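Report on the following structure.
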Amino acid sequence: MMDIYKINFQIKGKGVPIVLLHGFMESLEIWNYIYYNIHNKYKVISIDFPGHGKSLFLKEKDTVLTMEKTAEIVKKIIEKENIQEAIFVGHSMGGYVALAIAEKYPEMFLGLCLLHSTTESDTPEKKKNRIQSIQLAIDNHPLFISTSIKKLFHDKKLHFLQNEISFVKKIASQTSIISITSFLKGMSIRKNRKFLLKKTQFPKLYIAGLYDLILDIKKIYEETKNANNTYFVSIPAGHMGHIEKPKEIVRILENFIDFSIIEK
């Protein structure tokens, strides 16, 4: 399976392993600030999903990349690096992949951070919107990228975030069309994994954006209620806290990582 995808990843540092999983149309570059500010304390591994960043997706025919398939790719890389346990940090779609790993391999988790992500599956409306957007991605790739990325940021701060938006757009524009369509299909059929919040014992942290246009912060907060060993933090950002507020994200992550280590 690895030969089909030719996965790119980077690893740096020593200590407790931290696995960084990026979101849809992103790459491991999206973690640059976090990666270079925590690798002096931990062993940090970040991965390009198939068709993202420098990872190849060699299939040309129509296909579906499910969260489960992607989870197995991540697991193989972690095993290759002789990592038995880690703290997983997943942004948006990366969170969906991390949850798929957690369902099948909970013993691998020292902790899980869902950064602008959710355990819930797509609503019928969201599922419909994803499938409809596939045609736009095929017909007008630049327009799809532009409209998608704009929604990710705090809409009242767009003027001040031009460099950040350009950075994310550049990464997104390098994502292959086959990967975009395959992951849109995969996300649309992902299962609800809210049961993991009660079933798993390891610490779980939600980081939610007060101005997130993709995920309703009130619904995210409700999701954490009655969950086991689950915590919630909000930040003044849209859906891209690690780009809009990187210093704050590093501080929150370091606190959570240290807490997770102590919990173990």
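The values are calculated or read from the model by the stated rules, or taken from the named source; none is laboratory data. Model, not experiment: these values are computed from the prediction. Counting neighbours? That spans all protein chains shown, and the Cβs are built from the backbone with ideal geometry, glycine included.
Summary table below
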{"quantity": "Members of the range 138-186 found to be over 20 Å from Met67 (Cβ atoms), polar (S, T, N, Q), under 18 Å from the mean Cα position of the chain (by Cα) and not in a loop (DSSP other than H, G, I, E, B), listed by number", "calculated": "Ser173"}
{"quantity": "Selected residue (criterion: farthest from the chain's Cα centre (by Cα)) from residues of the range 78-115 that are assigned to a loop (DSSP other than H, G, I, E, B) and farther than 18 Å from Ile7 by Cα", "calculated": "Gln84"}
{"quantity": "Of the criteria (1) in a helix (DSSP H, G or I); (2) modelled with pLDDT of 95 or more; (3) under 25 Å from Thr224 (Cβ atoms), which one Lys75 fails", "calculated": "(3)"}
{"quantity": "Which listed residue, of Ile177, Ile217, Ile243, is surrounded by fewer than 21 Cβ atoms within 10 Å (Cβ to Cβ) and closer than 24 Å to Ser55 by Cβ", "calculated": "Ile177"}
{"quantity": "Residue, farthest from Phe259 (Cα to Cα), within the range 64-88, restricted to residues that are among the β-branched types (Val, Ile, Thr) and surrounded by 15 or more Cβ atoms within 10 Å (Cβ to Cβ)", "calculated": "Thr66"}
{"quantity": "Within the range 219-254, considering residues that are within 18 Å of the chain's Cα centre (by Cα) and part of a loop (DSSP other than H, G, I, E, B), the one nearest to Phe195 (Cα to Cα)", "calculated": "His239"}
{"quantity": "Boolean, Asn37 is over 18 Å from Ile178 (Cα atoms) and in contact with a helix residue (DSSP H, G or I) (Cβ under 9 Å, 6 or more places away or on another chain)", "calculated": "yes"}
